[in-house]
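Below you'll find the structure, written out as structure tokens, and then a few comments.
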Amino acid sequence: MNRTRLLTTMAVFVAIGTLGAQLLWFPAGVAKAYPVQHAVNVMSAVTLGPGPAIIIAFMIGLVRNMLGLGTLLAFPGGMIGAFMAGYLYRLTDKKGMAALGEAIGTGVFGSLFAVPFARILLGSSAGAFFFVPSFLVSCITGALIGWFVVSKVGSDIFIKNYV
């Protein structure tokens, strides 16, 4: 695998996830939904695998927080969703399973992990029912967008260039 090509592709995914979050968002109850992060998780998990997808999710959260464009809750949801998307895709070789992994990873596990994370790091006493609905709306929308892109564009084109 060509490291320069891999790192460049990862940087492009980080840029898409960072800028796309500012361009495409919608209200989801008490929070804002940023589906681009979740779409990038699915696309990077399918094309690059779970390891690079986790790094990309971390970097998107880091850059957004450094620019004042995100919250610390981007880390648990994004990274857990990226891992689950990559892991389920690797197990099944089905792009729909990557989208399902993103939805379960972020919408369920990420939102539940956000409760103690928010309490410890943000001083928030919000419960699970506060995070789960908005996480689910955002990640399901983004996972469907990511699944559509990898299904229609053809991730096989990208994969052949890296393997």
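Taking 7 Å steps out from each Cα toward its Cβ at Thr92 and Val12 produces label points 2.7 nm apart.
Here the label points at Lys152 and Thr71, each 7 Å from Cα along the C-beta direction, are separated by 3.1 nm in the simple model.
Annotation for Arg5 and Trp25: the two label points, set 7 Å from Cα along the Cα-Cβ direction, are 3.5 nm apart. Taking the Cα centre of the chain as origin and assigning +1 to Lys and Arg Cβ atoms and -1 to Asp and Glu Cβ atoms, the resulting dipole is close to 180 debye. The mean sequence separation of alpha-carbon pairs under 8 Å and at least six residues apart, normalised by the residue count of the range 10-105, gives a relative contact order of 27 percent.
Rule-based calculations on the coordinates, nothing more; no lab input. Please read all numbers here as calculations on a predicted model, not as lab measurements. Note that each Cβ is placed from the backbone with ideal geometry, even for glycine, and that neighbours are counted across all protein chains shown.
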